[in-house]
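First the structure, in the form of structure tokens, and then the observations on it.
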Amino acid sequence: MDFIYSIISPQVLSQILVGLSRTVILFIVSSGMSLILGVLRIPNVAHGSLYMIGAYMAFSVSHFFGGSDIGFWLALIGAPLGVALVSLVAERGLFQYLYEREHLMLLLLTFAVSLVFGDLVKIVWGAAYKSVPVPQVFQGFVLLFGNLPFPRYNTFLLVIGPLVAIVLWLIVNKTKIGKISRAAAVDREMVGAVGINVSWVFGIVFVIGCLLAGLGGALVSPTVSVTLGMDHTLIIETFLIVTIGGLGNIWGALLGALIFGLTQSLGILIWPQFGIIFPYAAVVVVLLFRPTGLLKSTW
Amino acid sequence: MAGRAGQKKYINLYIAIAILLLFPLFLPRFYIYLISIILLYGLLATSLNIVLGYGGIFQFHHAVFYGVGAYGIALVLTKTGFPPWIGFIIGPLISAALSLIMGLICIRLSKLYFGMLQISLGSLVWAIVYRWYSFTGGDDGIHGIPIPELLQSPNGAYYFTLIITVISMWLMYKIIKSPFGSVLQGIRDNPVRSEMIGVNVKKHQLLGLVIAGFFAGVAGMVFVVVDNTVFPDMMFWTFSLEVLIMCLLGGWFSFLGPMLGAAVVVALRTFVSTFTVYWALVLGIIMILVIFFLPNGILGYVEEIIKRRSQTGSTIKG
């Protein structure tokens, strides 16, 4: 272990790991947005609200079971499904009528929906801070590389991230709906012409994307205080991540999330006061050299 | 006939301005403050609309220029010994300069990518202001800014707001109606063709961005006079979206649409929040309805009706 520490100090290493666990959350949320952007071409501002709703739902489920471990696991399943249900209603009730509108309209429509969601959350859960307990299994620290303390829960996140990525890869590449949606991303009229109900494909993709936002919210809930307005900063970050990754490219979202998460955590180490400007600066640098993102956009 | 119709239109405008001038005589102080806010938000939304509605540019983060203009004057007034009027000039000029820099970086991209790069640059500016405690006051902002005595009374601030707004609106109207404005609208409708007939598209768009940034800075300056405070949320992204809403609600193809939109948003926030804390819910629902049924905004819809009426009227006569 001394070998590792001779290259990299323990402090930097632990910051990198913290950054990576942040990356997991960012990736899960932005991959959902990227999916929606790629197939439906909706810049969905309400995505952040769904993330927030996911966190609140996780709180409710966990609270219902008295903060026990089983409550946490059920929250992890229930919250994304609840969010998926909410998004299904929004998609079938609203968005499906407006796919042909221009992006600016869609941006503002989804912003309007996010205002509505924000107030609905206030009505249902109130304005007070909520906290979700970390399950027993993941309390405390593990010692990485012999003597580097690292929160157990973050280790769990580091495992979940790749899992979600693999599942997503399988869905996009191996299932029928994934293949259809990739085709619809390229040419939606042609997909319609071969007799596939594009409207429902869009609906399913939208729900999957939103489910990921809910999962991100549920996963983040034990590490932060669940509060109104947690959607605002996240939605900017998510937008920027999918942009630097290449609009609609899920692996671009992974790359963007890595850049964002790592610059955020290492930035705090380098210059504590201005830590938060590093990710934004990184995004600007990326876009200066690769204006349409790092990986190929589906647009 | 057309000339007389034009004059008649101006008469309405003069009456409106005269009423606005008389308001402080009979309206309570709170309403005077409210109208000042409406006027300056309207000014801000109109400045956005120069590039959004008339230029077709996805200016997603307009609030940055508003905030920077406000911080410009606030910092001159609190941190330097310059005479105040210098701050009033410097604020909008800083906004214009920032708009030029950001424009130069973003202009290579189009549509959604332009907007995204602008959001990231704007968020960078926001993050710096938010964290630079020693200079900008960080997340607290700067309060109790010492503005000149003449403008300290509510009526003084109101008349200042009114005069600046009317002058700025008039200037922006002239710009829209100028050859430059026409070229800008031509670029919006068909950038490729505009390029082909020899228009320097990027240069025109850049100039449009600088003008929009300048007037956003003017709005920020007016806010400092009305409210005597600046804070980082003035340039947070959600406020930019709120300004976009104002343009959409009023109608972004009508010159006065954004002003109307600002009035609706401010009035909603003020009056709905006396009944319920959920004013954002009401605003969101109204917006959804507007997007569904009045895609050209309230004023756009009214104009459409007037146009239709006058057309049917002339056919009956003919």
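State to the nearest 20 debye the size of the charge dipole of segment B:27-237 about its Cα centre, where the only charges are +1 on K and R beta carbons and -1 on D and E beta carbons.
Values: 11 positive and 7 negative charges, 130 e Å.
Dipole size: approximately 620 debye.
Non-local amide H neighbours of A:Phe65 (under 5 Å, H modeled in plane, Pro and chain starts lacking H): which ones?
none
Is there a simple number for the mean count of other chain Cβ atoms within 10 Å of the Cβ of residues in A:102-114, and what is it?
The mean count of partner-chain Cβ atoms within 10 Å per residue comes to 6.
Quickly work out the A:Val285-to-A:Tyr97 label distance, labels modelled 7 Å from Cα along the C-beta direction, and quote it in nm with one decimal.
Those two pseudo-labels are separated by 4.7 nm.
Take peptide A:272-282, look around each residue's Cβ out to 10 angstrom, count Cβ atoms belonging to other protein chains, and average those counts.
5
State, as an integer percentage, the relative contact order of segment A:219-278 based on alpha-carbon contacts under 8 Å between residues 6 or more apart.
Relative contact order of segment A:219-278: 17 percent.
Skipping prolines and chain starts, which residues have an amide H placed within reach, meaning under 5 Å, of the one on B:Phe236, given they are 5 or more residues away or on another chain?
none
In what sequence, highest mean first, do A:214-225, A:103-114 appear when ranked by Cβ atoms within 10 angstrom?
Put in order of decreasing packing, that is A:214-225, A:103-114.
So what's the angle, to the nearest 10 degrees on a 0 to 90 scale, between helix A:46-64 and the longest Cα principal axis of chain A?
Roughly 60 degrees, rounded to the nearest 10.
Taking just the C-alpha trace of chain B, give me its Rg and Dmax in Å.
Using the Cα atoms of chain B, the pair Rg, Dmax is 20.0, 72 Å.
Using θ = phi - 60° and the Karplus curve 6.51 cos²θ - 1.76 cosθ + 1.60, what whole-Hz ³J(HN,Hα) does each residue of segment B:195-203 get, with Gly and Pro shown as x?
The phi angles translate into 4, 5, 7, x, 7, 7, 4, 4, 5 Hz.
What FRET efficiency, computed as 1/(1 + (r/R0)^6) with R0 = 35 Å and r the Cβ-Cβ distance, is obtained for B:Ile15 and B:Leu268, rounded to the nearest 0.05?
0.85
Report, in deg cm²/dmol and to the nearest 500, the calculated mean residue ellipticity at 222 nm for chain A, where each DSSP H run with n ≥ 4 adds -39500 (n - 2.57) and the sum is divided by the residue count.
-24500 deg cm²/dmol
Given the DSSP H assignment, sum -39500 (n - 2.57) over each helix run of at least 4 residues in chain B and divide by its residue total; what's the result at 222 nm in deg cm²/dmol, nearest 500?
-25500 deg cm²/dmol
Would you mind calculating the gained length between B:Ile285 and B:Tyr31 on full extension (0.36 nm times residue separation, minus the Cα-Cα distance), in nm to one decimal?
In short, 88.9 nm is gained.
Distance between the C-alpha centers of segment A:44-95 and segment A:175-203? Whole Å please.
Measuring centre to centre over Cα atoms gives 27 Å.
Averaged across the residues of B:60-66, what count of C-beta atoms belonging to other chains lies within 10 Å of each residue's C-beta?
Mean shielding by partner chains, rounded to a whole number: 1.
How large is the dipole of chain A about the Cα centre if only Lys and Arg carry +1 and Asp and Glu carry -1, each at its Cβ, rounded to the nearest 20 debye?
360 debye
Summing +1 for each Lys or Arg and -1 for each Asp or Glu, what net charge is found among the other residues whose Cβ lies under 9 Å from the Cβ of A:His103?
Local charge sum for A:His103: +2.
Can you sort B:Ile90, B:Ile128, B:Ile17 from fewest to most other Cβ atoms within 10 Å of each residue's own Cβ? Display every interim value, and only then the final one.
Numbers: B:Ile90 20, B:Ile128 17, B:Ile17 12.
Ranked by crowding around the Cβ, least crowded first: B:Ile17, B:Ile128, B:Ile90.
Under 16 Å between alpha carbons, and skipping anything fewer than 8 positions from B:Lys202 in its own chain: which aspartates and glutamates qualify?
B:Asp189
Starting from the 7 Å offset along Cα-to-Cβ, what nm value, one decimal, do you get for the label separation of B:Trp170 and A:Phe65?
Going by the 7 Å Cα→Cβ label model, 6.9 nm.
Give me log10 I(q)/I(0) at q = 0.20, 0.30 Å⁻¹ for segment B:72-113, Debye formula, one equal scatterer per alpha-carbon, no solvent.
Each listed q maps to, in turn, -0.62, -0.93.
Show me, bin by bin at 10 Å from 0, the whole-percent P(r) of the protein assembly as shown based on Cα pairs.
All Cα pairs considered, the percentages come to 3, 15, 25, 26, 18, 9, 3, 1, 0, 0.
List the relative contact order of chain B as a percent without decimals, with contacts defined as Cα pairs under 8 Å and 6+ residues apart. Write down the numbers at each step before the final one.
Working: 467 pairs, mean separation 95.1, N = 318.
So the answer I get is 30 percent.
Which FRET efficiency value, to the nearest 0.05, do you get for A:Thr233 and B:Lys307 by plugging their Cβ-Cβ distance into 1/(1 + (r/R0)^6) with R0 = 41 Å?
Efficiency computed from Cβ-Cβ geometry: 0.40.
Running a GNM on chain B with Cα contacts under 10 Å, which residue among B:Leu93, B:Leu207, B:Leu289 ends up with the highest mean-square fluctuation?
Evaluated over chain B, the most mobile residue of the options is B:Leu289.
Enter the Cα centre distance for the pair segment B:216-295 and segment B:150-206, rounded to the nearest angstrom.
Taking the Cα centre of segment B:150-206 as reference, the centre of segment B:216-295 is 20 Å away.
Using a simple spin-label model with points 7 Å from Cα along the Cα→Cβ vector, what separation in nm is obtained for A:Ile8 and B:Leu100?
Going by the 7 Å Cα→Cβ label model, 4.4 nm.
Just to check, using Stokes-Einstein with a Kirkwood Rh over alpha carbon pairs, what's the diffusion coefficient of segment A:2-289 at 37 °C and 0.692 mPa s in µm²/s? Let's see the in-between values first.
Working: Rh = 19.6 Å.
Estimated diffusion coefficient is 168 µm²/s.
Evaluate E = 1/(1 + (r/R0)^6) for B:Thr78 and B:Ser153, where r is the Cβ-Cβ distance and R0 equals 25 Å; express this FRET efficiency to the nearest 0.05.
Efficiency at R0 = 25 Å is approximately 0.75.
Please express the Cα-Cα pair-distance distribution P(r) of segment B:189-318 as a list of whole percents, one per 10 Å bin, running from 0 to the bin with the greatest distance.
Spelled out bin by bin, segment B:189-318 gives 11, 27, 31, 21, 9, 2 percent.
Give a quick list of trypsin sites (Lys or Arg not before Pro) in segment B:5-108 that DSSP marks as loop, anything other than H, G, I, E or B, with at most 15 other Cβ atoms within 10 Å.
B:Arg108
Can you work out ³J(HN,Hα) from phi for every residue in segment A:246-258, in order, using Karplus 6.51 cos²θ - 1.76 cosθ + 1.60 and θ = phi - 60°, giving whole Hz and x for Gly and Pro?
x, 4, x, 9, 5, 6, x, 4, 4, 4, x, 5, 4
If we count every other residue with Cβ under 15 angstrom of A:Phe278's Cβ, Lys/Arg +1 and Asp/Glu -1, where does the sum land?
Charge balance near A:Phe278 sits at +1.
Here, each number is a calculation from the coordinates, and none is a lab measurement. Quick caveat: nothing in here was measured; it's all calculated off a predicted structure. Glycine gets a Cβ as well: all are built from the backbone with ideal geometry, and neighbour counts include every protein chain shown.
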